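Let me begin by presenting the structure, written as structure tokens, before commenting on it.
The values are calculated or read from the model by the stated rules, or taken from the named source; none is laboratory data. Small disclaimer: the values here were computed from a predicted structure and weren't measured. Heads up, the Cβs are rebuilt from the backbone with ideal geometry, glycines too, and the neighbour counts pull from every protein chain shown. When the accessible area is computed, the model is the full protein with side chains, heavy atoms only, and any ligands, DNA or RNA have been set aside. Shrake-Rupley method; radii C 1.70, N 1.55, O 1.52, S 1.80 Å.
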Amino acid sequence: MCFVEVALASGDRTRRASPAAIGSGTLMAVAPGKGIIVHRYADGRVRGYVALNKSEEWMRSVGSGDPSAGLGRVVGEFDGWSPLLTAFVTESDAEPWLRPIHALPVGISWERMPGVTLVGDAALLMSPFAGEGANLALYDGADLAGELVGQSDVEAALTAYEARLFPRGGDAAGRSARNLERFFGPEAPRSVVALFDRS
Ligand SMILES: Cc1cc2nc3c(=O)[nH]c(=O)nc-3n(C[C@H](O)[C@H](O)[C@H](O)COP(=O)(O)OP(=O)(O)OC[C@H]3O[C@@H](n4cnc5c(N)ncnc54)[C@H](O)[C@@H]3O)c2cc1C
């Protein structure tokens, strides 16, 4: 899976119809293996991502060279979609910046290695669909610092930290993997509608 950043600099101040479709929050248009997800910021700017399940070779072909040609290749994947949606790509002010989505297996852990530990993405990389990667990185750092300050035995501190790290990260990684499937798996968009219907 790959995310391509899109941005409309002044959504409210132009004649563009697409930003109006967002309202004041987030617009999500998803299908198996692809989607357009955009947010309106408080100052009226519109930013978001085009998501595509493509090979690394395809991603490289979009990311290198002429930005408008890159955006053309991206929008070509949305043939038949409403121009109101594809306008987020064709009218994007941003270069097609690629964000490949990688994830470690859910539930991964490792043997304690003396003197070493990991925090944040380095420890438990996951797709961004739990929306918690940055929170976890901060939390991990604070948790580890608390242990190191709280006791003089470094190995005991690292062991105590990792005892919480794995369940905490594993829980978020599981939610993220399930959401990735909900948003871009074979049942999309019905699986997304069902998610919001439940809440
Ligand atoms: C498209 C996308 C959307 C996301 N949305 C959200 C969201 O809505 N909410 C959320 O909470 N999280 C989100 N995340 C996840 C979040 O960005 C990460 O989980 C978070 O940035 C992890 O922080 P980190 O400090 O562990 O790693 P990073 O932010 O990757 O920081 C690591 C730093 O180390 C540097 N570095 C790497 N190697 C070296 C080296 N050898 N020497 C020196 N420096 C080095 C890197 O340049 C980088 O600056 C999203 C991620 C993506 C890709």
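Where in the chain is the longest stretch that carries no chymotrypsin sites (Phe, Trp or Tyr not before Pro) classed as loop by DSSP and with at most 13 other Cβ atoms within 10 Å? Please report the intermediate quantities before stating the final value.
Numbers: sites that count: Tyr41, Trp110.
Result, exposed sites excluded: 111-199.
How much accessible area per residue does the range 48-199 have, counting only protein heavy atoms and a probe of 1.4 Å, in square angstrom?
On the way: 8690 Å² over 152 residues.
Counting only protein heavy atoms, the per-residue value for the range 48-199 is 57 Å².
Carbon-plus-sulfur fraction of the accessible area of the chain, 1.4 Å probe, in percent?
Values: 6160 of 10860 Å².
The nonpolar share, carbon plus sulfur, comes to 57 percent.
At each listed q (0.21, 0.25 Å⁻¹), what is the log10 of I(q)/I(0) that the Debye formula gives for the range 2-100 modelled as equal alpha-carbon point scatterers?
For the requested q values the scattering log ratios are -1.03, -1.40.
Once the whole set of protein chains is in place, how much accessible area is left on Leu138, using a 1.4 Å probe, in Å² to the nearest 10?
Counting only protein heavy atoms, Leu138 exposes about 130 Å² to solvent.
To the nearest 0.05, what FRET efficiency results for Glu111 and Ser55 with a Förster distance of 41 Å applied to their C-beta separation?
0.75
Over the chain, consider all pairs of different Cα atoms and compute the Kirkwood hydrodynamic radius from their mean reciprocal separation; express it in Å, one decimal. Please report the intermediate quantities before stating the final value.
Details: mean 1/r = 0.0530 Å⁻¹.
The Cα-based Kirkwood calculation yields 18.9 Å.
For Met126, Met113, what's the largest-to-smallest order of accessible area, 1.4 Å probe?
Met113, Met126
Which GluC sites (Glu not before Pro) in the range 29-118 pass both tests, a DSSP loop state and at most 13 other beta-carbon atoms within 10 Å?
Glu111
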